[in-house]
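To start, the structure itself, in structure tokens.
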Amino acid sequence: MLTLRMLKTFRLVAQTGSFAAAAERAALTQAAVSLQMRGLEDAIGQRLFDRRGRQITLTRQGRDLFPRVEQILALTAELTATPIDAMQGPVTIGAVVSVIGALSLVVADLKTAHPRLDVRLTSARSDELTELVEQGEVDIAAVVARADDARADGLVWTPLYAEPMVMIVNRDVIETEPRETDPQRILDEHAFLRFDRRVRTGMVVEQALRAAKLGVSEYLELNSIETIAALVRKNVGVSVLPLLHRGDWQSDPLLRIVPIAQPPLLRMVGMIHREHDSRTHNITAAIAGMLQDV
């Protein structure tokens, strides 16, 4: 599908003669620029570039297209010369599964306040969402911070909240032995349900176990926090997970929360959007404020 973003990127490539230079000016990755240009060529059914090593030149079709793109972008600039409310038009917002529930409630409130905002919600892993934001396929995403606290170039990080890493156990584990709240003894006597180590939350779980010097008896490794919680309710095993923001585990009659360290290791959740995008910056600020208020 042809998009205005593709046309803007095409103009930058045509002006600079380089995907890398266009990427720098657009605050995108070179891979994202290349992906957009392939999408543009597919959308119009013509080859627009001669790719010879690092040198990029326009084909005849590309040279013919360039002045028409300039006209389209000039008309678009006229239409947007008068400031327009950021809270309108299409926006794609992504989130990791453990955040999508709280985010969807906030987005519903945002839609009520701004009915001309056309929101599409999607869910994926943090690394996948980061790549989609870099490529311009997703505008804003709520993700888990990397375990090494690294930040992707060209993206703005807005912190939302921190969730302490805790052990969740079935109520019978505590009520059978009322004084039994020693994390290592619980882990010695019960199967451990581990969150997927390939993703950021799983890496934070592993950090928390190492920081608390806890050994575990592996039983299952799963990629759903709610599935793990459901198994703990069935007393299949115990787990170490983030105490979810707006979660109900503390009031759940079948679950008990056991601290594993003081102070606890934290899972950091925040929102990312592309740098120099004032519209998504304003929407992100509104969502962050609403999430932090609840």
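Which pairs have Cβ atoms under 8 Å, sit 6 or more apart or on different chains, and link a residue in the stretch 18-37 that is in contact (Cβ under 8 Å) with a residue 24 or more places away in the chain and under 14 Å from residue 49 (Cβ atoms) to one that is outside any helix (DSSP H, G or I) and charged (D, E, K, R)?
Final answer for the pair search is 18/54; 20/54.
Only one of (1) modelled with pLDDT of 90 or more; (2) over 23 Å from residue 104 (Cβ atoms) is not met by residue 249, so which one is it?
In the conditions (1) modelled with pLDDT of 90 or more; (2) over 23 Å from residue 104 (Cβ atoms), residue 249 misses (2) alone.
Among the numbered criteria (1) under 28 Å from residue 24 (Cβ atoms); (2) touching a residue at least 24 places away in the same chain (Cβ under 8 Å); (3) of a type outside the set (Lys, Arg), which one does residue 131 miss?
Residue 131 satisfies all of (1) under 28 Å from residue 24 (Cβ atoms); (2) touching a residue at least 24 places away in the same chain (Cβ under 8 Å); (3) of a type outside the set (Lys, Arg) except (2).
Would you check if there is a residue in the stretch 275-292 being buried (at least 20 other Cβ atoms within 10 Å of the Cβ), at pLDDT 95 or above and closer than 26 Å to residue 158 by Cβ?
no
I'm checking my understanding of the structure. Among residues of the stretch 180-218 that are among the polar types (S, T, N, Q) and part of a loop (DSSP other than H, G, I, E, B), which one is nearest to residue 168 (Cα to Cα)?
This residue is 181.
For the stretch 7-32, name all the residues that are in contact with a Leu (Cβ under 8 Å, 6 or more places away or on another chain) and buried (at least 20 other Cβ atoms within 10 Å of the Cβ).
9, 10, 14, 22, 26
Specify which of the listed residues (231, 214, 220) is loosely packed, with under 15 Cβ neighbours inside 10 Å and more than 18 Å from residue 145 (Cα to Cα).
Unique residue meeting the criteria: 220.
Only one of these is surrounded by 12 or more Cβ atoms within 10 Å (Cβ to Cβ), closer than 24 Å to residue 239 by Cα and assigned by TED's automatic domain parsing to the domain that holds residue 281: 171, 146. Name it.
146
Of all the strands (runs of 3 or more DSSP E) wholly in the stretch 231-294, which have at least 2 residues that are in the same structural domain as residue 93 (by TED's automatic domain parsing)?
Hits in the stretch 231-294: 266-274.
Can you pull out the helices (runs of 4 or more DSSP H) entirely within the stretch 1-119 that have at least 1 residues that are at pLDDT below 90 and within 26 Å of the chain's Cα centre (by Cα)?
Result: 4-16, 19-26, 30-44, 97-113.
Quick one: in the stretch 86-108, of everything that is β-branched (Val, Ile, Thr) and free of Cβ contacts under 8 Å to residues at least 60 places away in the same chain, which residue is farthest from residue 290 (Cα to Cα)? Walk me through how you get there before you give the answer.
Of the residues in the stretch 86-108, the ones β-branched (Val, Ile, Thr) are 91-93, 96-97, 99-100, 106-107.
Within this subset, residues satisfying the condition of being free of Cβ contacts under 8 Å to residues at least 60 places away in the same chain are 92, 100.
Details: 92: 18, 100: 14 Å.
Ranking the qualifying residues of the stretch 86-108, first place goes to 92.
The values are calculated or read from the model by the stated rules, or taken from the named source; none is laboratory data. Just so it is clear, the model here is predicted, and its values are computed rather than measured. With ideal geometry, Cβ positions are generated from the backbone for all residues, glycine too; neighbour counts draw on all protein chains shown.
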